[in-house]
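The values are calculated or read from the model by the stated rules, or taken from the named source; none is laboratory data. Computed from a predicted model, the values in this text were never measured in an experiment. Cβ placement follows ideal geometry from the backbone for every residue including glycine, while neighbour counts extend to all protein chains displayed. For accessibility, only protein heavy atoms count, side chains too; no ligands or nucleic acids. Shrake-Rupley method; radii C 1.70, N 1.55, O 1.52, S 1.80 Å.
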Amino acid sequence: VSHIQWERIKITYLIGRLFFEHVPETYTQGKDLVGKVKAVDYPGKPVPHLTVYLFTGKKGSPCFMDTVKTDHSGIAIFSLDTEKFRGEVYLF
């Protein structure tokens with residue numbers, strides 16, 4: 001008796017996630033854009049003291065904006081100067 005079986009699986013290297021929180025949908029040029037970034041590990045626990053790099057623009061041509069560090073609850077508050085922003089801004 002023989003039995004042949006196969007299964008397709010997907011393996012991923014996911015160690016955590018970042019979420020933007022309390023970031024306004026629109027900005028007013030000249031006023032600071034304030035928001036939060038939350039960092040969690042794979043099981044969803046906060047990641048303290050993580051350095052987060054903020055960029056604007058498109059993924060193909062990002063523009064570095066700021067570096068922030070998460071607190072003990074995995075949250076980093078950022079504030080961006082919008083004086084030079086023009087039109088739509090993509091934050092990542």
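Considering Val23, Val47, the condition of being closer than 15 Å to Leu91 by Cβ, touching a Gly at 6+ places or on another chain (Cβ under 9 Å) and not charged (D, E, K, R) is satisfied by Val23 alone.
For the range 21-54, the candidate set comprises residues that are under 16 Å from Gly87 (Cα atoms) and not charged (D, E, K, R); within that set, the residue that is least open to solvent (accessible area, probe 1.4 Å) is Leu33. Among the residues of the range 72-87, those that are open to solvent by 60 Å² or more (accessible area, probe 1.4 Å) and either in contact with a helix residue (DSSP H, G or I) (Cβ under 6 Å, 6 or more places away or on another chain) or not β-branched (Val, Ile, Thr) (or both) comprise His72, Asp81, Glu83, Lys84, Arg86.
Taking first residues from the range 70-92 that are within 26 Å of Asp41 (Cβ to Cβ) and partners that are of a type in the set (Phe, Trp, Tyr), the Cβ contacts under 7 Å between residues at least 6 apart in sequence or on separate chains come to Leu91/Phe20; Phe92/Phe55.
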